[in-house]
Structures are given as structure tokens and as C-alpha cells.
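What follows is a short report on a single structure.
The values are calculated or read from the model by the stated rules, or taken from the named source; none is laboratory data. Everything numeric here is computed off the predicted structure, so don't read it as measured data. Note that we place each Cβ from the backbone using ideal geometry, even for glycine, and neighbour counts take in every protein chain shown. Ligands, DNA and RNA are stripped out before the accessible areas are found, and what is left, the full protein with its side chains, is counted by its heavy atoms. Shrake-Rupley method; radii C 1.70, N 1.55, O 1.52, S 1.80 Å.
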Amino acid sequence: MFQFGLPLEAVGCLQVGAEFSLCLRVLRAVHLVRFAHEAARPPILGPATLEVHRVSPFRRLRQKRTALLPRRTVHVFDDLPGRRATLKTRAGASAPGLQRGSAFLSKRLCMHDPNRYPQDHLDRLNAAARRRRRTAAGNLGRTDLTVSLSVAVRLWIGALVGFVAFLAVPLCAQQENVSQDKPVKAVGDKQFLVTTREGSGTLRYFGTGSLDGNAKVTRALIVIHGLLRNADEYERTGEAVLAASHAAGANTLLITPQFLAQIDVKAHGLPAETLRWEPQTWNDGYPAAGPAPLSAYSALDAILLRLADRARFPALREIVVAGHSAGGQMVQRYAVVGRAPDAVMSGPVAVRFVVANPSSYLYFDGERPHGDGFAPFDAAACPQYNRWKYGVEDPPPYVTGSWSETEERFVTRNVTYLLGRLDIDPNHPVLDKSCSGEAEGPYRLARGEAYVRYLKLRHPSGTAQSLAEVAGVDHDARGMFASACGLAVLFGDPRTPCVGPERI
């Protein structure tokens, strides 16, 4: 019987939280050859289920593939228990019919992340699949006409399916590979007025509640979106994290601010008082383009101070600010220069920061990683390497005070560097490949581990910060935060699921 499944990358591209997808370019280069190769394998007679594991640079996911003659069925399970997207076609289905079905499947899957199953569960399923294949192995030696016809039919179907999958994947790639210079698809359904000495403006945000107040909330989780300003997807990631946390996430308020660009305000017809920035300036702390020159850091200050208002949130004990990728860059810089955390922590509310897989970090001097240590970087090779956001030169107007005092305050703040052990692609589409970024290391995991060593060398007496690494996850926001390690970090549980939890 013919073993069929959509290409693994065609399903794997449907991830939420990553700013871009690798699947389209991989598909163009690989899949037609791959399908012809798989279709030419000796047939296994009888139904069989194959469990496929994907490792770096792709995410691991489960794909259930069943025998497909006379009916072909693909089940791909998403992150919500009991929900799945299914494509069913008959062996003689026309190409337009297959295309419509694959388009439907792509639309369904682009809405949700593939589910991660516990490793022991996957191991049991794989063992069962291997037993079924061994049972059928005696049939592999057949050379009669039936087998020859089976191989020919499978070659034809493999080519057809590869073509259909090629048509289906761009639907997902279009969703994930949206340029940061294009308007966002969704705008936050809640508004918060930010007022500072520079002026005021309305910040849009998503949340499981509002910033108006809630007497039952004991923890606030602020999730910072990535480069695409897709706060709606990060809100869904945060909701999935809360669902996975069970009792640990009880009475937690999720807030996902959205740092819009001018193109978003124009495209969605938003009021003139809506805060907006130029793309790629919000996470660096530069002034807004309108209606007032507010830093996104000032907006975070306002959110923290509102949450610390005991009249509105009398039971609040903790605020966790977490960001992945570009959001992780913002959280790391804000942890260094943010003004509100000190004011908040002077009361009964603690503030923690979770910095997940950023492309770069703020260094306090001109040294950069060199071998196992650090050395002054060659400024002639990259004159901008020590300017903000990579170094301390020419910071935005929000940043005030001496750098020595700022650094001493920074290392007393509770910061966790949450790194994916498989985030090791030096050519990742949204990795910072500028000479300033490359000066910090070849890929994100190396850059994060180097920065931890840097802080240790500069502060041998210790800091209030820590490192936690997530096994089996690459550049994937939901994979990071919803992992056992990520949940432990976000909700203050023991970090036994993490790889080498380490105090800096």
C-alpha cells in the first residue's frame, strides 16, 4: 500500500510566533525530488503509521501518515486538544480537487501551531510503527506484476502530490513571510492611554482582561511581539501558554501590547492619537512617529505602573515581561534602561524579565566574543558595532544617566535568558546579519551563551540573572514558552526541565 503524507516542511511552515518561514525555499529545492524518491521505495503491503521527527533547523512535529489507496488521508494535529485539520481525497481525484483540498488544509493549519507530544508518547508510537513495518517486511521481495504496477502508480501519485503540495505551501508562506513594511492583519482590540512629559498617545493591545483593573489578578504576563508586529498571534501563543500552565497560571492577566507602524494606522483607519513608530524602531526605544515622540519603553513604563496601582490590582504580586526574537531584543534593552521597574519593585510587586532567542544584546564596552573569551573589536571592520542597540554609543533620548550606574542596576534585576538549543542556524531569514550583529556570534544560541559569559566576567561576585536552555526547540516562540522549561521560567517553578539551569 502507498504511504503518503504532505511534505514535512509544508506542514512545519505553519508555525505561529516565528517571524518568517523556511518552508517555501526548502520546498522549491527539495520536494519534487523527494516525492519521486519516496514513491520509488519498495511497497509495504498493509496499513502502516509512520511517525516523523524533524530536527534543526526545523521544528519537531508529529505527522500521522496512513495507507492511502483507495482513499488518501492526512491528519495533522494542532495545539488544541481534540482539534485537527484533515485532507481527504480519492485516488482518482482531479488536480483542481486536490488543489482546493490542500488550500483548505493550509488555511486551517495556518491558524494554529502543530501540537507537541511528550517524547515518551512519540517513542511508543514509533515503536509500534516499526513493529508493523517488520511484520510487512516479508512482502517486500515480491517481483510480480502487482508490485510493478504498484510502484508505477505510486510514482505518478507522488509526482502529483508533490505538485499539489507546492501549490498549497505558498498560502502558509504568505501568512508567515509577511514583510514588516506591510500593514498588520489585526489591530489590538483594547486601548490604553499613555501619558508622559513628552506627550500622550493611545497604545493598542490584546489581553485576557484589561488594564482597567481586576481584584483577583495575582500575576501579569506581558508578552512582546516580534518584528512583524503580529501581536494577535503572540496573544494566542500567550493563551496557549496559560492553558498549558494549569494551576500555575491561575489568576494571571495576559497583556500583549502592539507597537504599530504608521502604515498600520493608515491601512486600518485608526484615530490620529494612536501611537505608531517606524518599522524596526519600536524595539530599540526610539521616539514614536506620532502623535507624540514617546519611546516604546515609555509605553512599557506606563503599563507596569498601571499594573502596580493597588487601587486597580490590589492582589498583584508579580509582573513578568517576556519577549521572543525582536521582542526579546526589546525586553533585554528595557531590562537595562527601563525606569518603571525600580518604582514598581519599591512596593509589593516583583518584576521579572524573560529574554528569549534575541538576535543581539546590549554590550557595555567595546569588547566582543573572541574564541572562548573577549577582546576589543576591530572598529575599522565595522565602525557602527558599538552604537546603540549593540553598544552604549548614541542611545535614544529615553536613555539617561551614567552607564556605570545603569549596568550596576541592571545586574540586580531578575532576568532569565531563555535560549533554544536548536536555534543554531547562521543563515536564519530573520537573524541579524549586520556586522554589528555578527560581532556578537554566528547564531542566536552562541550569541546568548557568549553574553552570559560576558556578564560573568564583568560581575564575578554574581548577579540576579540566570540562563535556561530549552532542548529540542529552535527559533519558535510557542515552542520556547510552552515547553516545560519555558513554563517553569515564566511561572517561577523549579527549572528541572531546563538544560543546565545556571545562575550568572
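Picking from 299, 231, 244, 248, which residue would you name as being touching a residue at least 40 places away in the same chain (Cβ under 8 Å) and surrounded by fewer than 18 Cβ atoms within 10 Å (Cβ to Cβ)?
248
Based on what the data block shows, is residue 238 in a loop (DSSP other than H, G, I, E, B), open to solvent by less than 10 Å² (accessible area, probe 1.4 Å) and either among the small types (Gly, Ala, Ser) or within 21 Å of residue 316 (Cα to Cα) (or both)?
No; evaluated as a whole, the condition is false for this residue.
Hey, could you check region 276-289 for residues that are part of a loop (DSSP other than H, G, I, E, B) and of a type outside the set (Phe, Trp, Tyr) and say which is surrounded by the most Cβ atoms within 10 Å (Cβ to Cβ)?
Out of the qualifying residues, it is 288.
Considering only region 344-358, I want to know if a residue exists there that is of a type in the set (Lys, Arg) and out of contact with any strand residue (DSSP E or B) (no Cβ under 7 Å at 6 or more places or on another chain).
Looking for residues that are of a type in the set (Lys, Arg) and out of contact with any strand residue (DSSP E or B) (no Cβ under 7 Å at 6 or more places or on another chain), one finds none in region 344-358, hence no.
Testing residue 406 on (1) in contact (Cβ under 8 Å) with a residue 24 or more places away in the chain; (2) more than 23 Å from residue 462 (Cβ to Cβ), one condition comes back false. Which one is that?
So residue 406 meets the others, but not (2).
Within region 467-504, take every residue that is assigned to a loop (DSSP other than H, G, I, E, B) and of a type in the set (Val, Ile, Thr) and give me the one that is surrounded by the most Cβ atoms within 10 Å (Cβ to Cβ).
Among those residues, the one meeting the criterion is 473.
Please count how many residues of region 185-210 are open to solvent by less than 70 Å² (accessible area, probe 1.4 Å), closer than 24 Å to residue 253 by Cα and either in a loop (DSSP other than H, G, I, E, B) or among the small types (Gly, Ala, Ser) (or both).
Number of matching residues: 7.
Among the residues of region 328-350, is there at least one that is out of contact with any helix residue (DSSP H, G or I) (no Cβ under 7 Å at 6 or more places or on another chain), of a type in the set (Ser, Thr, Tyr) and over 23 Å from residue 463 (Cα atoms)?
For region 328-350, residues out of contact with any helix residue (DSSP H, G or I) (no Cβ under 7 Å at 6 or more places or on another chain), of a type in the set (Ser, Thr, Tyr) and over 23 Å from residue 463 (Cα atoms): absent.
Would you be able to say whether some residue in region 253-275 is open to solvent by 10 Å² or more (accessible area, probe 1.4 Å), among the β-branched types (Val, Ile, Thr), over 22 Å from the mean Cα position of the chain (by Cα) and under 21 Å from residue 180 (Cα atoms)?
Yes: one or more hits.
Could you list, in sequence order, the residues of region 426-450 that are assigned to a loop (DSSP other than H, G, I, E, B) and small (Gly, Ala, Ser)?
Answer for region 426-450, where residues must be assigned to a loop (DSSP other than H, G, I, E, B) and small (Gly, Ala, Ser): 434, 439, 441.
What number goes with the only condition from (1) open to solvent by 20 Å² or more (accessible area, probe 1.4 Å); (2) on the phi > 0 side of the Ramachandran plot that residue 430 does not pass?
Only one criterion is unmet by residue 430, namely (2).
Consider residue 318 carefully, then state whether it is surrounded by fewer than 19 Cβ atoms within 10 Å (Cβ to Cβ), modelled with pLDDT of 95 or more and within 24 Å of the chain's Cα centre (by Cα).
The answer is yes for residue 318.
Please give the number of the condition residue 292 fails out of (1) surrounded by fewer than 21 Cβ atoms within 10 Å (Cβ to Cβ); (2) in contact (Cβ under 8 Å) with a residue 60 or more places away in the chain; (3) out of contact with any Ser or Thr (no Cβ under 7 Å at 6 or more places or on another chain); (4) not in a helix (DSSP H, G or I).
Tallying (1) surrounded by fewer than 21 Cβ atoms within 10 Å (Cβ to Cβ); (2) in contact (Cβ under 8 Å) with a residue 60 or more places away in the chain; (3) out of contact with any Ser or Thr (no Cβ under 7 Å at 6 or more places or on another chain); (4) not in a helix (DSSP H, G or I), residue 292 fails exactly one: (3).
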